[in-house]
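K.L.:
The structure's right below; bear with me while I get my questions together.
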Amino acid sequence: MVEIIHERSKCIGCGACAAICPSNWEMANDGKSKCKNTHPKEESCNKQAEEACPVNCIHLKK
Ligand code: SF4
């Protein structure tokens, strides 16, 4: 089990996470991204989303 912490207040809405990992990230109506499942079974593409985020507001914890 992985825990995803999204510091949404820091999100600048660049869309990288949703582009890289659309299975678990989507863009919300307020222009910021939204994590669909904060406790996925596997890292999957969330690790790449974490690494791609330009403001480091996605954190994966195992
Ligand atoms: S990559 Fe980071 S800044 Fe860009 S939309 Fe996703 S959470 Fe927000």
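K.L.:
Please count how many residues of region 27-58 are among the β-branched types (Val, Ile, Thr) and out of contact with any strand residue (DSSP E or B) (no Cβ under 9 Å at 6 or more places or on another chain).
P.N.:
Initially, region 27-58 is screened for residues among the β-branched types (Val, Ile, Thr), giving 38, 55, 58.
From what is left, the residues that are out of contact with any strand residue (DSSP E or B) (no Cβ under 9 Å at 6 or more places or on another chain) are 55.
The qualifying residues number 1.
K.L.:
Further, regarding this structure: Please return the ranges of strands (runs of 3 or more DSSP E) entirely within the chain where 1 or more residues are near the ligand (Cβ under 8 Å from one of its atoms) and of a type in the set (S, T, N, Q).
P.N.:
Working: elements: 3-6, 25-27, 33-35, 58-61.
The qualifying strands (runs of 3 or more DSSP E) are 33-35.
We did not get these values from a lab; they are worked out from the coordinates using the rules stated. For clarity, every value in this text was computed on a predicted model and none was experimentally measured. FYI the Cβ positions are ideal-geometry reconstructions off the backbone, even for glycines, and counts take in every protein chain you see.
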